[in-house]
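> Below is a structure I'd like to ask you about.
Please treat every number below as a calculation from the coordinates, not as lab data. All of these numbers come straight from a predicted model, not from anything done at the bench. Every residue, glycine among them, receives a Cβ derived from its backbone with ideal geometry; neighbour counts consider all protein chains shown.
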Amino acid sequence: MSGWLARWLPLVLFGCAPEGSLSTLVVSVHYPVAGSGVGGLSSAMQRGVLEARVGSSFVVEEHSPASEQDAVQQLAEALAPRQGRHLVIAGGEVYASALDAHDCELGGSTVLLLDGKPRPCDGLRSVVLEGFAPAFLAGVLALSAESIAPRRLAGVIAAAPSREVTRLLRGFQAGSEYVGGNVQTLQLDPLQPEAVGAALRSLADAVDVLLVAGDAANSLVLQAVREHNAQNPEQVVRMIGLDQDLSVREAELVLGSVVRRYDAEVRSSILAAQVGAFAPGQVLRGYSDGQTELLINPAYAEQALARLPFDGCALCQTLKDAVHQAEPAAEAAVAPGE
Amino acid sequence: MRIERVAALVSAVACLLVPAAGHAFTVKSGLTDGCHEKVTVVAYLQALPQVPVDLDMHVPGGAWEEVADYLLRDAHYEPETRAEKFFLFSLLTGVRAPDNEGFSLSNVSTLRAIHDNPQDQYHHCLRAVDDDGLTGNEAAVAGCRGALLEQLTQASEQRQKPWPEQVQKRPFTLDQYGTFKVEVWSPAYHLGRALHALEDSFTHALRTLNLRGVVHVMNYAEAIGGTLHEERDGLAHASATDTCHLVTSELAEPSNKDRVFAAEEAAADLLRAVAPALAGVRMSSPEVALVLDKWLDYVPGEQLGFVEGCAKANDYCNSPWLELARLRPSEPILGCGVAPFGRADSRAWVALLLGMVFVARRARRGR
């Protein structure tokens, strides 16, 4: 083969076009104070970063603050003026007030804030995925049928306290109460599986349906519920998942799952920042645009919702009214910093 | 005259080479982006807490490790153990297989033989040649589900064999190297083939607004055969829906993010559903059926308020996905009437031009 062709053909096939003058993007990830990997928002942030890395290159710096003071300090360091292109991703309300204190001085970085609503700034995108409505519907789904919930009692398993989890729990509680039920909450430390097992068995004995509000606990809870049901076939406990469709893992046990897509927001923002298309602004998304939803296991749809005027509608008027009535009171009940 | 003949031959070869590769979410090669691989790796990451990667499996030595490095390089994902790496490699080899069956993407005659085989179309969630009209949609979706289930059943059956028998050799092609056989863990390989069909159902069908249900299935065989009548045979397969563009500012390369994200979510659901089967439990049909009902269900037009069904006349029930699906339709290969292609394909055209110049220079020197 001629040297001429040998020199040029590889260039044509594998990257003749220069990548442009953009420097490598540095993504600084600031997890909620509770810590990385615990609870829904932290896991979603981790997943979003991992997913964005498939097929693209950027540098990741991770920060898991031990306290609110740490969180504010680490954010301030990330927002100090630096060379190069930086995207700061922060999760949780504490970062909203910290960003307000910066008075839109972002040091040349672009910022994505999840689950918080600071004042608008150039280069700042804040995203809140409203989870109250699907959680309310999950409460209705859990306790509306006597055949599924004869005791009208639901349990909630929360991995870590945080404002975004608390809002979900308020929604679930309001929905449960809307159909005449009650809710018990159990907070678990997934790092202590033996204690978790005993606590779960005890809770499973007491309730009809369990909401698992922390994906770290999914497998533990599934196992505990399987064991409970094998030993108590006359008193079967069912489950509702969070942030992934648990019914594809256990079709007969899982009534449905509340799904929020914070990971998609993280991934999209990283990819957009890479091509200079990051979109600042305040974004409130939720049930109406499919960013949060209640996935109902079709096997239970008729049975669980028979008492309600559901009839195939995604969120029919009666429930809409109920959600709107319940939400302000529940929001007010969420203490700052919860 | 001789130069013209040789140039025409080179031109014809390149003409055949370009459209044949653009058949589904693309698989990685020298000319195309590894879209299937990316979708599958992301799905794997989403399902990772449930997928049993710490299996005490028999991991063989061999060429597969180097090939795995090649496949995983773009994913920036480092498997924690050799077992996980072997699992992922086998999964990705299976995902690639229906598009090249281990043969090079530039082996045009092989590609055409595979892709034009009417029985093969369901492995890509496309219409078979007899799937005509509205009923053809339902038949194609059923065929796709059948092809997918067949692979899952094979995965489950392979998993019941003793460990050494679960490792098999399958052909694999690297474009700059050729075809060779590599070791795969057969349960993951067959799961990969099933994932291919599921992922293709997002590129080869018009779906409902929430992307869960299928309203119309596209047609490749008759589009490249030159016999397609849209009202009868369905919408022609289009290369624009095959891309992995998530964020783009180029008008000629519109984003396919919604489809890609949905395909990843569906693939993650399927991985979760079959996770127990990978761990050795016989495949559970309720969970798999739930995934298929959730993501691969035919939704007739009547359910969407179109009593006449979803057809060309009503823009397939006013599908919001139609504009992209009509961009760069597949056309007869022998007619060489391809529409403009994306970046990878334009590289092929530039390669063709360079090739022609090279031929001309050699011919001139030889005179």
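> Applying the Karplus parametrisation 6.51 cos²θ - 1.76 cosθ + 1.60 with θ = phi - 60° to the phi angles of the stretch A:205-211, what ³J(HN,Hα) value in whole Hz is obtained for each residue in order, glycine and proline being reported as x?
5, 9, 10, 8, 9, 10, 9
> Just tell me how shielded A:246-255 is by partners: mean number of partner chain Cβ atoms within 10 Å of each residue's Cβ, no decimals.
Rounded to a whole number, the mean comes out at 6.
> Within a 10 angstrom radius of each residue's Cβ in A:46-56, how many Cβ atoms of other chains show up on average? Whole number is fine. Please list the in-between numbers first.
Details: counts 1, 4, 0, 0, 8, 8, 3, 7, 17, 13, 5.
Average per residue, whole number: 6.
> Follow-up. For the stretch B:219-269 and the stretch A:130-152, what is the separation of their Cα centres, given in Å?
39
> For every other residue with a beta carbon closer than 10 angstrom to the beta carbon of A:ALA149, add +1 if it is Lys or Arg and -1 if Asp or Glu, then tell me the sum.
Numbers: positive: A:ARG151, A:ARG152, A:ARG238; negative: A:GLU146, A:ASP208.
The answer is +1.
> Quick one: what are the phi-derived ³J(HN,Hα) couplings along the stretch B:48-59, Karplus 6.51/-1.76/1.60 with θ = phi - 60°, whole Hz, x for glycine and proline?
Values per residue, Gly and Pro as x: 3, x, 9, 6, x, 8, 9, 5, 7, 8, 7, 9 Hz.
> Once you average over the residues of B:68-78, how many Cβ atoms of partner chains fall within 10 Å of each Cβ? Display every interim value, and only then the final one.
Numbers: counts 0, 0, 0, 0, 1, 0, 5, 4, 9, 3, 0.
Shielding by partners across B:68-78 averages 2.
> Mind listing the phi-derived Karplus ³J(HN,Hα) values for the stretch B:62-77, rounded to whole Hz, using 6.51, -1.76 and 1.60 with θ = phi - 60°, and x for any glycine or proline?
Result, rounded to whole Hz: x, 6, 4, 5, 5, 5, 4, 4, 5, 6, 8, 4, 6, 7, 6, 10.
> State the Cα centre-to-centre distance between the stretch A:216-245 and the stretch A:254-299 in whole Å.
The two parts, judged by their Cα centres, are 26 Å apart.
> Could you work out how far the C-alpha centroid of the stretch B:143-208 sits from that of the stretch A:80-106, in angstrom?
The stretch B:143-208 and the stretch A:80-106 have Cα centres spaced 45 Å from each other.
> Counting C-alpha atoms alone, how compact is the stretch B:33-329: give Rg to one decimal and Dmax as a whole number, in angstrom.
Reported Rg and Dmax, both Å: 18.9, 59.
> Under the rule of at least 5 residues apart or a separate chain, name every residue whose amide H is placed under 5 Å from the amide H of A:LEU211.
Answer set, sorted by chain and number: A:GLY155, A:VAL156, A:ILE157, A:ILE240.
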